[in-house]
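Below: one structure, written as structure tokens.
The values are calculated or read from the model by the stated rules, or taken from the named source; none is laboratory data. The shown structure was predicted, so the numbers you read here are calculated from the model rather than taken from an experiment. Neighbour counts are summed over all protein chains in view; Cβ atoms, including those assigned to glycine, are modelled from backbone coordinates with ideal geometry. These accessible areas exclude ligands, DNA and RNA; they are computed on the full protein's heavy atoms, side chains included. Shrake-Rupley method; radii C 1.70, N 1.55, O 1.52, S 1.80 Å.
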Amino acid sequence: MNVYDSERMAEALSVAGYQPVDVPEAADMVILNTCHIREKAAEKVYSELGRLKPLKQANADMIIGVAGCVAQAEGEEMIHRAPLVDMVFGPQTYQQLPDMISDLDAGRRDGDRVRLVRTEFPAEEKFAALNAAPRRPITRAPTAFVTVQEGCDKFCTFCVVPYTRGAEVSRATADIVDEANALAAQGVCEITLLGQNVNAWQDRETGLRLDGLLEALAQIEGIERLRFTTSHPRDMDAALIAAHGHNDKLMPYLHLPVQSGSDPILKAMNRRHTRAQYLDLVAAFRNARADLALSSDFIVGFPGETDADFDATMDLVAAVSYAQAFSFKYSPRPGTPAAAEENQVDEDIKARRLARLQARLNEQQEAFNREKLETVLPVLFEKPSRQADQMSGRSPYLQPVHVRVAEQHFDALVGRILPVRITGAHANSLSGELADG
Ligand code: 5AD
Ligand code: SF4
């Protein structure tokens, strides 16, 4: 979602006459788009700001902005703590960027230093602004994100999202379809629907659910692949599961965070489902689509997590077998219920558990990649690889695939889906050759 927000900021800024540059030294304006989900991410903001200090000292006209959830959470406080920051704005307000910049410029013309804090806007207005601003992708990428849902009402006890992103709001079907049509007209062939709780999406007027939206998007000419992220196990319905069996454009990959495999921990996290319910969901999905690849998020060292709880997580991982996963040490976040718990787990225990879990998840990912050796997969070609004479794309299972092709064919291949014979399987990617020579 932050990548999407950054893209939309870049689009709004290009309308205001700005162009992206490669390094901060070459910029008139630097915006840090920030994440508040774990302490490490939030701390990074201040160290990044420290690195920008010499640039601002050398060029007093440089505008420095902080966007996203750290900005939302800290607001005014950030203005006091970081004197070099000119604007602090939350994730619901970035469509106002051109106006904010005019305000800063007007202040400068009058010889004042204006500093702005914008953190007060409801998601509904953000959607209105999203709908009003046409998509103007600044790259030729054949894949794009589309926000369909914002915010979260789940209140998992470890998580800041319900506080920084606000309540769940769904965007209207027609607006989403319009945006997807505009993207398709610009050559986009893969759309990933985004939402903190994407499968809670529902059209307020018609009651349409995500399976119906995916069906509508599948009808758009030029759209070949559909994905959605991130889902909550509680909001999964039978129709969405079934869609994985009959919507041909829906890719066989599902990110379904479980966080823990232990029932007492799931309860303490307020996840509102059990281990058995999660495993049943996984079985139902695989029943609808046998080759479905699963990915998940895990937290180790949640307050009160015992060795037995952690073993239950390892056991669930063995039972599901993931194609990919993200795992984290529990990080106490200000204002969340779990942060106030007394039975916090020692950092070294968290580190040991994380290492064990990640070793297992990496093994599973490598095994999943190895299974694809000598098979032929349809690959959506996206861009030149870092290595010469290679292009990179994605398999249906979201694996990056590096394919050897002569450089003169690069342009013609961007945005095409072609069969690739997989000849190499690596920790995080595959390599292969065009199957039809
Ligand atoms: N500590 C560690 N990980 C967290 N996540 C969310 N909040 C925390 C926290 N306080 C993880 C969850 C979530 C992912 C986006 O970030 O696993 O699914
Ligand atoms: Fe956070 Fe839970 Fe909402 Fe996900 S469902 S954003 S983990 S509160």
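Any chance segment 173-187 includes a residue that's assigned to a loop (DSSP other than H, G, I, E, B), under 20 Å from the mean Cα position of the chain (by Cα) and either away from ligand 1 (no atom under 15 Å from the Cβ) or of a type in the set (D, E, K, R) (or both)? Looking through segment 173-187, none of the residues is assigned to a loop (DSSP other than H, G, I, E, B), under 20 Å from the mean Cα position of the chain (by Cα) and either away from ligand 1 (no atom under 15 Å from the Cβ) or of a type in the set (D, E, K, R) (or both). I need the strands (runs of 3 or more DSSP E) fully contained in segment 1-89, keeping only those with at least 2 residues that are touching a Pro at 6+ places or on another chain (Cβ under 9 Å). Per the criteria, 29-34. Whenever a residue of segment 146-163 is outside the structural domain of Pro257 (by TED's automatic domain parsing) and open to solvent by less than 20 Å² (accessible area, probe 1.4 Å), it has no partner that is among the basic types (Lys, Arg) and not in a helix (DSSP H, G or I) lying with C-beta atoms less than 8 angstrom away and at least six residues away or across chains. Elements of the type strands (runs of 3 or more DSSP E) sitting completely within segment 375-431 and holding at least 2 residues that are among the charged types (D, E, K, R), in the same structural domain as Pro142 (by TED's automatic domain parsing) and over 20 Å from Glu224 (Cβ atoms): there are none. Considering only residues that are surrounded by fewer than 19 Cβ atoms within 10 Å (Cβ to Cβ) and among the polar types (S, T, N, Q), look in segment 244-271 and name the one that is farthest from Gly304 (Cα to Cα). Once the filter is applied, the top-ranked residue is Asn247. Does any residue of segment 363-375 turn out to be within 16 Å of ligand 1 (Cβ to nearest atom) and touching a residue at least 24 places away in the same chain (Cβ under 8 Å)? No, segment 363-375 contains no residue that is within 16 Å of ligand 1 (Cβ to nearest atom) and touching a residue at least 24 places away in the same chain (Cβ under 8 Å). Within segment 132-145, the set of residues being assigned to a loop (DSSP other than H, G, I, E, B) and open to solvent by less than 40 Å² (accessible area, probe 1.4 Å) comprises Ala133, Arg135, Pro142.
Filtered by the rule that a residue be in a helix (DSSP H, G or I) and either out of contact with any Ser or Thr (no Cβ under 9 Å at 6 or more places or on another chain) or surrounded by 14 or more Cβ atoms within 10 Å (Cβ to Cβ) (or both), segment 281-310 gives Leu281, Val282, Ala283, Ala284, Phe285, Arg286, Asn287, Ala288, Asp307, Asp309, Phe310.
Going by the structure shown, is Ala128 assigned to a loop (DSSP other than H, G, I, E, B) and either within 16 Å of ligand 2 (Cβ to nearest atom) or modelled with pLDDT under 95 (or both)? No: the conditions fail for Ala128.
How many residues does segment 176-211 contain that are open to solvent by 30 Å² or more (accessible area, probe 1.4 Å) and acidic (Asp, Glu)? Counting residues in segment 176-211 that are open to solvent by 30 Å² or more (accessible area, probe 1.4 Å) and acidic (Asp, Glu) gives 3.
Just so you know, in segment 156-172 the residues that are among the aliphatic types (A, V, I, L, M) and away from ligand 1 (no atom under 16 Å from the Cβ) include one that is nearest to Phe89 (Cα to Cα), and it is Ala167.
Residues in segment 213-240 that are of a type outside the set (D, E, K, R) and part of a loop (DSSP other than H, G, I, E, B): Gln219, Ile220, Gly222, Ile223, Thr230, Ser231, His232, Met236.
Within segment 326-357, the set of residues being aliphatic (A, V, I, L, M), over 25 Å from Asn428 (Cβ atoms) and either more than 12 Å from ligand 1 (Cβ to nearest atom) or not in a loop (DSSP other than H, G, I, E, B) (or both) comprises Ala338, Ala339, Ala340, Ile349.
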